[in-house]
Amino acid sequence: QVQLVETGGGLVQPGGSLRLSCAASGNIYSIDVMGWYRQAPGKQRELVARITIGVSTDYADSVKGRFTVSRSNAKNAVYLQMNSLKPEDTAVYYCNVGTRLTPWSDRKDSWGKGTLVTVSS
């Protein structure tokens, strides 16, 4: 069982910044990938950004140049630095990690409970 704790959401004005954090704990041998998804009201959940164990990153086109994903392997944590926030970034942001229990285990995806980010004046 993997537990994820997300922090850092809140209300911010357009153009502002927020930093999300997510820490993983539990039965973890390795974390292959860590990332963030978001879901706005009435929309499907979408990938925002993710980072692999090899530090390769992917970003949604809508956040490139504004958001930065990073990870701390020592802390089993992933971060999302969000700058130049726009009202359309308003959503619940979910942490997602792909972990292995042993070197031979299939990768298992786990989700956080979500943290609300509201961008409004």
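The values are calculated or read from the model by the stated rules, or taken from the named source; none is laboratory data. Keep in mind it's a predicted model, so treat the numbers as computed, not measured. A quick note on method: Cβ atoms are made from the backbone with ideal geometry, for glycine too, and the neighbour counts reach across all protein chains shown. Side chains are part of the model used for accessible areas, which takes the heavy atoms of the whole protein and leaves out ligands, DNA and RNA. Shrake-Rupley method; radii C 1.70, N 1.55, O 1.52, S 1.80 Å.
Remarks
Each row is one residue, and each column tells you yes or no for (1) assigned to a loop (DSSP other than H, G, I, E, B); (2) open to solvent by less than 70 Å² (accessible area, probe 1.4 Å).
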{"position": "L11", "(1), (2)": "no, no"}
{"position": "P14", "(1), (2)": "yes, yes"}
{"position": "R19", "(1), (2)": "no, no"}
{"position": "L47", "(1), (2)": "no, yes"}
{"position": "I51", "(1), (2)": "no, yes"}
{"position": "A74", "(1), (2)": "yes, no"}
{"position": "L80", "(1), (2)": "no, yes"}
{"position": "Y93", "(1), (2)": "no, yes"}
{"position": "S121", "(1), (2)": "yes, no"}
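- Cβ-Cβ contacts under 7 Å between residues 6 or more apart (or on different chains), taken from a first residue in segment 20-35 that is acidic (D, E) to a second residue that is outside any strand (DSSP E or B) and surrounded by fewer than 20 Cβ atoms within 10 Å (Cβ to Cβ), are listed as D32/I53; D32/R107.
- E88 acidic (D, E) and assigned to a helix (DSSP H, G or I): yes
- S62 vs. criteria touching a residue at least 12 places away in the same chain (Cβ under 8 Å) and either open to solvent by 70 Å² or more (accessible area, probe 1.4 Å) or assigned to a helix (DSSP H, G or I) (or both): yes
- Only listed residue being closer than 16 Å to V2 by Cα, exposed (fewer than 13 other Cβ atoms within 10 Å of the Cβ), touching a strand residue (DSSP E or B) at 6+ places or on another chain (Cβ under 8 Å) and not acidic (D, E), chosen from G35, G26, G114: G26
- Options V117, V33; residue that is in a strand (DSSP E or B) and out of contact with any helix residue (DSSP H, G or I) (no Cβ under 9 Å at 6 or more places or on another chain): V33
- Residue satisfying all of: in segment 82-91; in contact with a helix residue (DSSP H, G or I) (Cβ under 9 Å, 6 or more places away or on another chain) and free of Cβ contacts under 8 Å to residues at least 60 places away in the same chain; least open to solvent (accessible area, probe 1.4 Å) among these: D89
- Any chance V55 is in a strand (DSSP E or B) and either under 16 Å from E6 (Cα atoms) or open to solvent by 40 Å² or more (accessible area, probe 1.4 Å) (or both): no
- Every test in (1) open to solvent by 60 Å² or more (accessible area, probe 1.4 Å); (2) over 12 Å from the mean Cα position of the chain (by Cα); (3) closer than 16 Å to R19 by Cα is passed by L101 save one, and that test is (3).
- Members of segment 49-98 that are within 14 Å of the chain's Cα centre (by Cα) and polar (S, T, N, Q): T52, T57, T68, S70, S72, N76, Q81, N96
- Unmet requirement for V69, which otherwise passes all of (1) in a strand (DSSP E or B); (2) open to solvent by 70 Å² or more (accessible area, probe 1.4 Å); (3) closer than 22 Å to T99 by Cβ: (2)
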